[in-house]
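The values are calculated or read from the model by the stated rules, or taken from the named source; none is laboratory data. The structure presented is a predicted model; accordingly, all values stated were derived computationally and were not measured. In this analysis, Cβ positions are derived from the backbone assuming ideal geometry, glycine residues included, and neighbour counts consider all displayed protein chains. Accessible surface is based on the protein model in full, side chains and every heavy atom, while ligands, DNA and RNA are left aside. Shrake-Rupley method; radii C 1.70, N 1.55, O 1.52, S 1.80 Å.
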Amino acid sequence: MRLFPVRTGYLTNLPMLISMVLAALWVWYTHNTHESTALFLGIIAGGLVDLDDGFTGRLRNLFFTLIYFALAATAVQLTYGRAWEFSLLMVCAAFGLTMVGAVDMRYRTIAFGTLLVMLYTVLTYAPQLPWYTNPLMLICGTSLFSLCTLVLHVLFPDRPVQDNLANAYAMLSEYMLIKARFFDPDEADLLPEQEFKLAMQNTAVINGFNQCRTALFYRLRRQQRYRRTGVLLQYYLTAQNIHERISSRHVDYAAMSQKLVHSDLIFRIQRLIVLQAEACQQMSCCLHEDRPFVFDAKLTRAGEGLQRSAGLYGDEYGADDDTPGWRQLIANILAINELLQLLAQVKSDAISQPAAENTIIGMDVNRLRDVLPALKMHFTLQSTVLRHATRLAILTGLICLMVEGLHLKLGYWILLTGIIVCQPNYTATTTRLKQRIIGTLLGVLVGSVMPFFVPTLAGKLVIVVVSTVLFFVFRFRRYSFSTFFITVQVLVGFAIIGIDTQAMMLPRFVDTILGAVLAWMAVSYLWPDWRYLTLGRIASRALNSDAVYLQQVAQQLLNGQKDDVVYRAARRDAYELAATLSNTVADMSMEPQHYGQRVDEGKTLLQLNYVLVSCISALGALRSQVDRLRAQLPDTAIEQWSKLAANIAFLMSEPMDLEKFEQSWMEIQSNLERGMQENSTEVVEQVLWRQLQRIHKQLPLYRYELYPAQRDASNS
């Protein structure tokens with residue numbers, strides 16, 4: 001079924017709009033205003049825990065979510081008013097639910113939503129109402145929103161995959177545009193800066209791929225699959241292959257820029273990459289607007305022009321040591337043209353059942369026996385999750401004691417702000433803190449006077465509906481805007497149940513300031529990030545994942561290309577660890593006063609790791625030529641290369657002392673030099689050996705950055 005050409009944002013927020021309108025109509029018709037706040041907050045909670053899945057998966061998620069919400073809200077309702085019991089409940093919930101979130105994204109989302117429901121129950125507590133009223137209204141609101149999402153899922157089952165793919169192609173386009181700058185000879189001096197930007201943009205690409213993979217996994221695991229899902233799967237796999245090819249490093253970019261500075265060859269390479277980036281952006285627009293992708297003939301002409309220019313350059317200047325590299329680079333870029341052509345050729349009825357090699361591995365923990373091992377690994381202060389859970393527990397206990405001891409009316413706004421603002425790391429907390437304060441201040445000013453201009457119940461309900469929808473529209477784009485709209489919603493909601501909004505102005509803003517300041521103090525003084533720097537550990541894990549990636553490439557070059565799930569999992573892990581390393585370095589770069597010289601060390605490790613991944617990707621891109629290579633070369637030559645690649649992978653992953661490392665490294669260097677002299681007769685083969693040589697040269701640099709003491713010992 002062809003999807004309607006409707007903008008993604010409209011579809012995404014349609015369930016929230018419909019559910020809020022239905023709830024507002026019920027309140028307006030029945031005049032049950034005292035129950036309205038809990039009902040609206042229940043809808044918001046449902047939106048916050050909404051998770052993409054198949055129809056049965058959504059039903060399962062809804063079932064467990066309603067159980068958790070009901071139990072949490074009832075526990076709060078029954079203990080509220082008894083200070084010690086309530087405080088103990090909230091402290092245990094803050095710690096326990098945060099730790100449960102360490103299992104995977106689904107546990108984390110539902111656990112955080114459950115914690116918010118407990119706070120919502122406190123904020124809507126009314127002693128004049130029966131104890132079950134607020135929990136029931138919260139559950140009804142969540143159920144109403146979930147019902148709307150189920151209807152939307154039936155109408156547009158694959159739309160989330162399509163939207164995630166569109167975002168992934170947009171991120172890939174940005175990545176390719178940065179890579180195109182590597183072929184500007186006038187900017188050769190800025191290559192280190194461009195490499196750092198490329199590594200950071202790679203994180204956005206990997207995040208986009210992860211969202212696509214998760215959405216596809218939930219749809220591919222069911223028995224009845226829509227035909228369009230198979231098409232979207234092919235789009236996803238093609239995007240991964242494009243990323244592997246554009247990430248490849250075949251040449252020394254600085255040396256190439258210097259050598260080709262007066263040739264049109266380097267500019268033709270750059271132009272073709274820019275055109276391919278534009279094609280990826282076009283693919284993103286086509287997915288958003290649900291129209292077929294059309295391959296631009298300009299790409300073909302640019303590719304043919306590049307081939308002619310390369311031929312003329314080779315005829316004029318002859319071959320040298322760098323020739324195999326730039327020839328393979330050109331072949332790799334031209335192969336991206338072929339992949340883009342495949343995007344235009346995929347038909348909606350081409351694939352009904354994915355092949356075995358197109359299997360996607362899910363990342364969720366579905367079995368109870370896997371939950372405890374997933375949690376056990378986080379019970380150490382080296383774990384960000386444990387530190388965050390402990391901080392939240394202490395923060396919750398302190399605020400509960402403050403509110404109960406000082407008898408602060410509506411003081412639990414402080415706790416709500418503290419829990420929302422307090423993030424697992426310092427940088428994210430300070431960023432959200434500023435946005436929360438600004439958004440709340442503006443929201444208080446507007447929301448407190450809004451009831452005077454709109455005195456009727458119907459008008460107030462319209463404001464509540466609009467502000468809630470806008471809160472979700474800006475939730476991931478502009479957090480300060482979303483805070484503004486949710487503040488307006490809350491104050492107008494209080495006006496509906498008869499609370500004086502003018503009297504709420506100062507307490508609401510003061511509570512926000514207190515909660516934000518306490519959250520900042522928690523991340524600043526309770527096990528701060530800079531005391532538990534994990535840079536070396538993450539960089540070591542990244543190196544190990546690179547080794548596994550190299551082993552898989554070597555196996556496929558030895559035994560024949562097979563783009564199976566094992567290979568793609570190894571490639572994905574390597575890129576994800578590179579993205580994790582870049583996130584760590586980005587957080588460090590935003591707080592240089594805390595990390596000092598480690599920021600420069602982190603940037604160096606990030607660049608070295610990215611060079612390794614790029615070189616391995618170049619070898620991975622050669623897998624498509626393995627049949628021709630095996631036909632031209634004796635098996636002994638390929639086996640010799642594969643054995644050396646395995647030795648290098650072992651050297652990358654195996655912990656050893658400095659003396660053993662240097663001895664092994666020298667032995668591999670001798671074997672590499674001998675192999676290059678004996679076997680370098682064909683362009684692809686030369687590239688194979690040179691890529692191994694590049695990887696081999698990076699290892700001492702990487703190791704010495706990981707272990708500075710060994711670097712000092714080596715220099716001495």
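Some notes on this structure:
- Cα long-axis angle, helix 297-317 against the chain (0 to 90 degrees, to the nearest 10): 40 degrees
- The label-point distance for W26 and L410, in a model that sets each label 7 Å from Cα toward Cβ, rounds to 2.5 nm.
- For Y532, net neighbour charge (Lys/Arg +1, Asp/Glu -1) across residues whose Cβ lies under 15 Å away: +2
- Kirkwood Rh, Cα atoms: Rg over Rh of region 381-445: 1.03
- Hull volume per residue, based on the alpha-carbon atoms of the chain and their convex hull, is 176 Å³.
- Under 28 Å from the Cα of K643 - lysines, other chains or at least 8 residues apart: K562, K660, K697
- Cα gyration tensor, region 29-150 - rounded (a/c under 1.5), prolate or oblate: oblate
- Inter-label distance, nm, simple model (7 Å from Cα along the C-beta direction), L526/E85: 2.5 nm
- Tensor-based shape of region 482-552 (alpha-carbon gyration tensor, a/c under 1.5 rounded, otherwise prolate or oblate): oblate
- Descending semi-axes in whole angstrom, ellipsoid equivalent of region 29-90, from the Cα gyration tensor: 26, 19, 9
- Helix-only CD estimate at 222 nm, as mean residue ellipticity for the chain, using -39500 (n - 2.57) per DSSP H run (n ≥ 4): -26500 deg cm²/dmol
- Partner aspartates and glutamates whose Cα lies under 18 Å from the Cα of K460, excluding those fewer than 8 positions away in the same chain, are identified as E35, D500.
- Within the accessible area of the chain, the carbon and sulfur atoms contribute 59%, probe 1.4 Å, all protein chains present.
- Degrees separating the helix 598-621 axis from the principal Cα axis of the chain, which is the longest one: 60 degrees
- On Cα atoms only, tilt of 535-559 relative to the major axis of the chain in degrees: 50 degrees
- Restriction of the trypsin sites (Lys or Arg not before Pro) in region 72-180 to DSSP coil positions whose beta-carbon has at most 11 other beta-carbons within 10 angstrom yields no sites.
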